[in-house]
Amino acid sequence: MATVDTGIAARDTHIKSDAFFDVAKFPTMTFKSTSVVKAGDHYDVKGNLTMHGVTKPVVLKLEEPSKEQMGMDKKPHRGFTATTVVNRKDFGVSYGPDSVVSDEVKIEIDIDAVQQ
């Protein structure tokens, strides 16, 4: 959560405060997968997301991987992007009147997978 980036530094600081994600108390968000299923042109990665001290099941949409490329470390790399949308209130994150801030939070994960 310490790396949240909205493109506006002042907003990032506010979102990291105890008014929202309380990064001092909950510095990380974790996802543990339970299954992966091919779903058309992407994969559905089911698992448990822990955010703000609350764990809930979610599904990440994992796009097809990029073409394998040799990295500067001389090892093959592939890039992936995974996304999901969650309701912040389901994870105990609330702030002010509902009309001020959307309940929906889009989570986007960029992955650089390296073959070992």
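Checking each residue in segment 27-57 for being part of a loop (DSSP other than H, G, I, E, B) and out of contact with any Asp or Glu (no Cβ under 8 Å at 6 or more places or on another chain) picks out PRO27, THR28, MET29, GLY40, GLY53.
Among the criteria (1) within 19 Å of LYS56 (Cα to Cα); (2) surrounded by 12 or more Cβ atoms within 10 Å (Cβ to Cβ), the one LYS32 does not fulfil is (2). Remark: pairs (first residue in segment 58-76, free of Cβ contacts under 8 Å to residues at least 60 places away in the same chain; second residue not in a strand (DSSP E or B); Cβ separation under 7 Å; 6+ apart in sequence or on different chains) = GLU64/ASP41; LYS75/GLN115; PRO76/GLU68; PRO76/GLN115. Scanning segment 12-21 for residues that are closer than 17 Å to ILE107 by Cα and either open to solvent by 80 Å² or more (accessible area, probe 1.4 Å) or hydrophobic (A, V, I, L, M, F, W, C) (or both) returns ILE15, PHE20, PHE21. Checking ALA2, ALA24 one by one, the residue that is touching a residue at least 24 places away in the same chain (Cβ under 8 Å), among the aliphatic types (A, V, I, L, M), exposed (fewer than 13 other Cβ atoms within 10 Å of the Cβ) and not in a strand (DSSP E or B) is ALA2 and no other.
The values are calculated or read from the model by the stated rules, or taken from the named source; none is laboratory data. In this text the structure is predicted, and so the values were computed from the model without any measurement. Please note: Cβ atoms are built from the backbone with ideal geometry, for glycine as well, and neighbour counts cover all protein chains shown. These area figures cover heavy atoms from the full protein model, side chains too; ligands, DNA and RNA do not enter into them. Shrake-Rupley method; radii C 1.70, N 1.55, O 1.52, S 1.80 Å.
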